[in-house]
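A.B. asks: Starting off with a structure, shown below.
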Amino acid sequence: MTMKFFLPDWEDRVDPNFEFVNDEFSPGHVNNSYKNDVYAHQIYSKKPVYDGILFSLSNFESKLKLGTNGNGMRTIRGISSVKEYLKIPKYSRIKIMGDCGAFSYVTEYEPPPEYSPEKTASLYSSLKFDFGVSPDHMAIKFLQVKENGKRTYKELPESERERRRQITLRNSEEFISIVKEKKLKFRPIGAAQGYSPETYADSVEKLISQGYDYVALGSLVQYNNGELLKILRSVQPLLEDRDLHLFGVLRPSYINEFEKLGVTSFDSASFFRKAWLRSGQNYLSSDGKWYSAIRIPFSSNRNLLKATSELGISQSSLETLEKRAYESLISYSRGEIDVDEALANVMEYDKLLTRSSKGEENLEHRYRRTLESRPWEKCGCEICQKNGIEVIIFRGANRNKRRGFHNTWVFKNQLMPARLQAELKPDALSALE
Ligand SMILES: [Zn+2]
């Protein structure tokens with residue numbers, strides 16, 4: 001297996017000493033959450049949870065402040081290397097790929113000046129990225145815009161998409177010449193924009209002639225599997241031994257096909273995020289089945305308090321039901337009570353929760369399936385081994401992100417290798433189609 005899997009970074013860390021029983025953060029977290037908290041790759045020290053992390057420079061605008069140290073070098077939270085910031089051990093094989101996060105300026109006419117080829121190349125270099133993607137401008141068909149305070153979609157004409165593709169190509173040319181001229185240490189990746197198999201192929205051809213041996217296709221999310229395959233087929237003959245990255249798309253049933261068409265890396269957060277999306281698929285077992293996580297939201301939730309007080313239920317009785325539901329799950333995991341008793345207590349609290357979306361039917365049935373299967377006991381990952389049933393309880397970031405880390409680990413260590421065995425197509429993969 002040669003295909004590399006990158007997880008996009010969204011500052012996802014958990015408190016390693018979180019106290020689940022009382023839902024309390026550790027003193028270390030309270031003092032300095034960045035210093036105390038850990039990334040998935042720190043929890044999973046035996047088998048890697050991903051091959052790399054995709055880190056967008058647009059993070060600096062939204063959440064992180066970029067600084068400068070005494071020597072004029074750029075810093076993140078006072079740290080002068082992105083790997084050190086992401087707490088990647090010195091000899092780890094995890095690679096860091098940088099991109100601009102073009103989605104953050106997709107509505108602009110041009111990429112803002114801070115994403116110029118020169119500034120971008122200099123940032124990748126000074127923060128010591130392994131790979132740096134040339135600054136691009138997305139050539140998507142539908143742009144989400146706000147009009148009179150309402151969100152609506154605006155279609156970009158083909159001429160505008162072509163204009164954006166050309167901006168991307170001009171940037172990549174300038175970018176690689178700066179990298180070569182200044183002998184920067186990171187490996188440059190040429191971003192290819194397009195809006196048809198022909199325009200993607202044209203972009204890739206130009207990137208190769210500009211000197212890139214690693215190209216990345218952007219704006220792919222809008223295409224269905226068939227369209228995506230057409231694009232890849234048009235690009236493949238140009239690649240020879242060069243590397244190809246797909247931005248933000250994971251079409252699991254097609255991973256083998258993608259690999260045959262020359263894809264060598266991709267990034268996706270789908271397995272991670274499914275942990276807390278509203279569906280019956282929150283926890284992925286090592287044999288490729290999805291399970292519902294069991295919801296026990298905090299009784300301090302304002303909407304819940306409001307809804308229950310209208311029903312004449314006091315805050316203290318709500319807290320009692322919440323505690324009983326949670327403790328029943330712990331007792332059940334220890335074999336102290338049976339599934340019917342645990343489920344009855346969970347559902348007594350659950351029926352007070354207001355639900356707005358569809359697809360919430362048969363929750364009891366799904367919860368029973370999760371509890372009876374006890375998938376957390378069969379998983380060999382560090383999180384399930386250490387935290388047990390907590391990982392399938394849908395409650396707060398410390399449980400939900402751990403479940404996302406677990407899903408990512410199962411994807412990387414069980415599903416990615418399993419896909420190579422011919423007939424095997426776990427339902428876990430098709431579920432993401
Ligand atoms: Zn696990």
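A.B. asks: Scanning for something over 26 Å from R403 (Cα atoms) and either buried (at least 16 other Cβ atoms within 10 Å of the Cβ) or in contact with a strand residue (DSSP E or B) (Cβ under 8 Å, 6 or more places away or on another chain) (or both), does region 26-40 turn up at least one residue?
C.D. replies: There is no residue in region 26-40 that is over 26 Å from R403 (Cα atoms) and either buried (at least 16 other Cβ atoms within 10 Å of the Cβ) or in contact with a strand residue (DSSP E or B) (Cβ under 8 Å, 6 or more places away or on another chain) (or both).
A.B. asks: If you don't mind, another one. Let me spell it out: the conditions are (1) among the basic types (K, R); (2) free of Cβ contacts under 8 Å to residues at least 60 places away in the same chain; (3) in contact with a helix residue (DSSP H, G or I) (Cβ under 8 Å, 6 or more places away or on another chain); (4) not assigned by TED's automatic domain parsing to the domain that holds R399, and R251 meets all of them except one. Which number is the exception?
C.D. replies: For R251, the failing item is (2).
Quick grid of which residues meet (1) under 22 Å from the mean Cα position of the chain (by Cα); (2) part of a helix (DSSP H, G or I); (3) under 22 Å from E110 (Cα atoms):
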residue	(1), (2), (3)
S172	no, yes, yes
K185	no, no, no
G194	no, no, yes
T199	no, yes, yes
K230	no, yes, no
P237	no, yes, no
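A.B. asks: Name the residues in region 39-62 that are in the same structural domain as K95 (by TED's automatic domain parsing) and in contact with a Cys (Cβ under 8 Å, 6 or more places away or on another chain), would you?
C.D. replies: S56, L57, S58
A.B. asks: State which residue is farthest from S328 (Cα to Cα) when the search covers only region 375-393 and only residues that are within 9 Å of the ligand (Cβ to nearest atom) and among the β-branched types (V, I, T).
C.D. replies: Looking at the filtered set, the residue picked out is I383.
A.B. asks: Could you tell me which residue of region 142-172 is surrounded by the most Cβ atoms within 10 Å (Cβ to Cβ), considering only residues that are modelled with pLDDT under 95 and out of contact with any Phe, Trp or Tyr (no Cβ under 9 Å at 6 or more places or on another chain)?
C.D. replies: Filtering first and then ranking leaves T152.
A.B. asks: I've got another one for you. Looking at K46 and the list (1) closer than 22 Å to Q193 by Cβ; (2) over 18 Å from the mean Cα position of the chain (by Cα), which single condition is not satisfied?
C.D. replies: Unmet condition: (1).
The values are calculated or read from the model by the stated rules, or taken from the named source; none is laboratory data. Source: prediction; values computed, not measured. Here the Cβ is made from the backbone with ideal geometry for all residues, glycine too, and neighbour counts use every protein chain on show.
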